[in-house]
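No value in this document is a laboratory result; all are computed from the given coordinates. None of these values were measured; they are calculated from a predicted model. Note: ideal-geometry Cβ built from the backbone for every residue, glycine included; neighbour counts use all protein chains shown.
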Amino acid sequence: MASNEAVAEPDVLEKGRTVTRSLAPPVPGAEVNRLLTPPEVARRWRIRHDKVLTWIRSGELRAINVATKPDGRPSYRVDPDDLRAFANRRAVATSPRQPNRKLRQKQPSKEYF
């Protein structure tokens with residue numbers, strides 16, 4: 001076996017199930033496209049998870065329902081790309097500030113005497 005190949009080592013779990021995990025170092029950026037739960041989104045943005053659920057239910061934030069029963073309690077996951085698109089749609093663009101009122105024009109003074 002070459003020294004640069006990843007070695008896999010089996011892990012034995014309860015009830016006789018075996019899972020193979022790679023001992024190779026993690027790929028940088030591999031976790032970027034991991035789906036996020038509403039509480040994870042809420043923690044990133046420092047808001048309540050109820051607000052994230054409201055955005056999902058209203059259709060503003062696109063999410064996937066990964067629940068085992070489609071008509072049961074939903075279990076949403078949000079793709080980071082959809083979260084980025086949502087943030088871009090809600091971004092506030094600042095424009096140069098316009099004066100609130102028109103400045104008074106100087107009138108020529110009238111002489112009364």
Exercise for review: Kindly provide the pair-distance distribution of region 31-90 built from C-alpha pairs, with 10 Å bins from 0 and whole-percent values in order of increasing distance.
Suggested key: 23, 59, 18, 1
Study note, to complete from the structure: Computed on Cα atoms only, the convex hull of region 62-113 has an orientation-averaged projected area in nm² of 7.9
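Where does each of 46-59, 65-78, 82-95 land if you order them by average Cβ count within 10 Å, highest first?
Numbers: 46-59: 13.6, 65-78: 11.9, 82-95: 9.9.
Order by mean packing, descending: 46-59, 65-78, 82-95.
Taking R0 as 30 Å, what FRET efficiency do you get between Gln98 and Arg43 from their Cβ-Cβ distance, rounded to the nearest 0.05? Display every interim value, and only then the final one.
Details: r = 38 Å, r/R0 = 1.27.
Here the calculated transfer efficiency is 0.20.
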